[in-house]
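First comes the structure, then the notes that go with it.
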Amino acid sequence: RSRVRNMVSPEKLLYKQPSVLVGRTDVVSVTPWLAPIVWEGTFDPVLVDNIYKPMNLTIATTVFAIGKYVRFLQDFLDTAEKHFMVGFNMRYYVFTDRPHDVPSVNLTRGRHLSVIQVPGSNRWQEISARRMEIIQTTIERQIRREADYIFCLDVDSKFHARWGPESLGRLVAVIHPGYYEQTRDRFPYERRPASTAYIPMDEGDYYYGGAMIGGFVEDVYTLTKVCQTRFEEDAGNSIEAAWQEESHLNRYLLYNKPSKVLSPEYLWQDFKAKTKEVKVIRFSGVIKNYADVRPN
Ligand code: UDP
Ligand code: MN
């Protein structure tokens, strides 16, 4: 795919004058390495849409629905059609061992869905681990020719409000809703030096959620490749990181800083009450009965 063009401001579009002095003061909206942290009120949705729409981008979304998790697809896809990258070319890649159970969803113009059959598994830890590998091979086989940006999302979730091109960037991660008020020594990083996901107590920026990875296809490709290699290296040493791929993701992002960080608006959890700094919940994990949906 050709490189994404530079931002061009749309001519004659009227929008509110940006201020140097007035904005969100209750949250931090830039990292110490100067990546934006995306919160409601830090961007103008109309302006952002008008900048990105003329680029005619294609967005890939990968989602795994293995075993009983196919039951989450309907709501995931229905709500994505309402809120996720509306007006953009979208290619959903649904990975499942039950292709006949994939619901038929009405997709709007420019949006496509392909079902890719993958093996099932009896261990959810293994499903989680294999995601990185399958995303990697599918990027090699097709996604790198079919899309500009990619989002890899958890299926046990729903969209509730706009998730648009304000989320696009070279390498995009989301702040986990459970830990953003904590100090780094309380983050559930992998703490055993024997693991390749190891992060010492005095390091770490944020705790990133494993339910979303995004960015340019090639940057996400490198991330999945590195995490996959480390996961296998650990497995060879009979070690499994505390939170599997999420631990490897956190380690990767500590030393390969994301160029854009999404606030917990972009990854909430339905069981968690909304906090005052979260003005809008855009995407949230549904409450699930683990005993009911997981193979073991
Ligand atoms: N997953 C799946 N089948 C399973 C377990 C996991 O398809 O049996 C996929 C699914 O996309 C899910 C993701 O792996 O959203 C992460 O697993 P899960 O949501 O159970 O982890 P949690 O969000 O609870 O940490
Ligand atoms: Mn999940």
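The values are calculated or read from the model by the stated rules, or taken from the named source; none is laboratory data. The structure presented is a predicted model; accordingly, all values stated were derived computationally and were not measured. Every residue, glycine among them, receives a Cβ derived from its backbone with ideal geometry; neighbour counts consider all protein chains shown. SASA here: full protein model, heavy atoms, side chains in, ligands and nucleic acids out. Shrake-Rupley method; radii C 1.70, N 1.55, O 1.52, S 1.80 Å.
As a length-normalised measure over Cα pairs under 8 Å and 6 or more apart, the relative contact order of the range 40-169 settles at 40 percent. Based on the convex hull around the alpha carbon atoms, the chain presents an average projected area of 15.9 nm².
Note: the range 42-101, Cα convex hull, 96 Å³ per residue. A compact globular protein would have a Cα radius of gyration near 2.2 N^0.38 Å; the ratio found for the range 24-133 is 1.33.
Summary of the geometry: the range 276-296 and the range 114-167, compared by the centres of their Cα atoms, lie 17 Å apart. Would you count, across the range 1-148, every pair of lysines whose alpha carbons are under 25 angstrom apart, provided the pair is eight or more residues apart or spans two chains? Taking the range 1-148 as the scope, the lysine pair count is 4.
Ranking Val278, Val261, Ser9 by how far each Cα lies toward the positive end of the dipole of the chain (charges on Cβ) leaves Ser9 at the top.
For the chain, carbon and sulfur atoms together expose 51% of the accessible surface, with a 1.4 angstrom probe and every protein chain in place. Take every pair of alpha-carbon atoms less than 8 Å apart whose residues are at least six positions apart; their mean separation over the length of the chain yields a relative contact order of 23 percent. When +1 charges are put on Lys and Arg Cβ atoms and -1 charges on Asp and Glu Cβ atoms, the dipole computed for the range 177-296 relative to its Cα centre reaches about 440 debye.
Annotation for Val293 and Val86: the two label points, set 7 Å from Cα along the Cα-Cβ direction, are 2.5 nm apart. Per-residue ellipticity at 222 nm computed for the chain from its helices equals -7500 deg cm²/dmol, with DSSP H segments shorter than 4 residues left out and the rest contributing -39,500 (n - 2.57). Loop-located chymotrypsin sites (Phe, Trp or Tyr not before Pro) across the range 203-296 with a Cβ neighbour count of 13 or fewer within 10 Å are Phe271, with loop assigned by DSSP. Rounded to the nearest 20 debye, the dipole magnitude of the range 150-233 is 120 debye, with +1 charges on Lys and Arg beta carbons, -1 on Asp and Glu beta carbons, and the Cα centre as origin.
Computed over the range 1-64, the percent of Cα pairs more than 13 Å apart is 74. Beta-bridge orientation, the chain: approximately 30 percent antiparallel, per DSSP, counting only bridges with both partners inside.
Annotation for the range 152-201: GluC sites (Glu not before Pro) lying in DSSP loop with at most 10 further Cβ atoms inside 10 Å of their Cβ are Glu181. Rounded to the nearest 0.05, the FRET efficiency derived from the C-beta distance between Arg141 and Thr108 at R0 = 30 Å is 0.70. The charge dipole of the range 21-90, taken about the Cα centre with unit charges on the Cβ atoms of Lys, Arg (+1) and Asp, Glu (-1), comes to about 220 debye, rounded to the nearest 20.
Where Rh is the Kirkwood radius over the Cα pairs of the range 84-217, the temperature 10 °C and the viscosity 1.306 mPa s, what D in µm²/s does Stokes-Einstein return?
For the chosen part, D equals 92 µm²/s.
Across Asp234, Asp219, the residue with the most accessible area heads the list, and the full order at a 1.4 Å probe is Asp219, Asp234. Just so you know, the Rg over Rh for the range 111-178 is 0.96, from Cα atoms, with Rh as the Kirkwood radius.
In terms of accessible area, using a 1.4 Å probe and ignoring ligands and nucleic acids, His176, His160 rank largest first as His160, His176.
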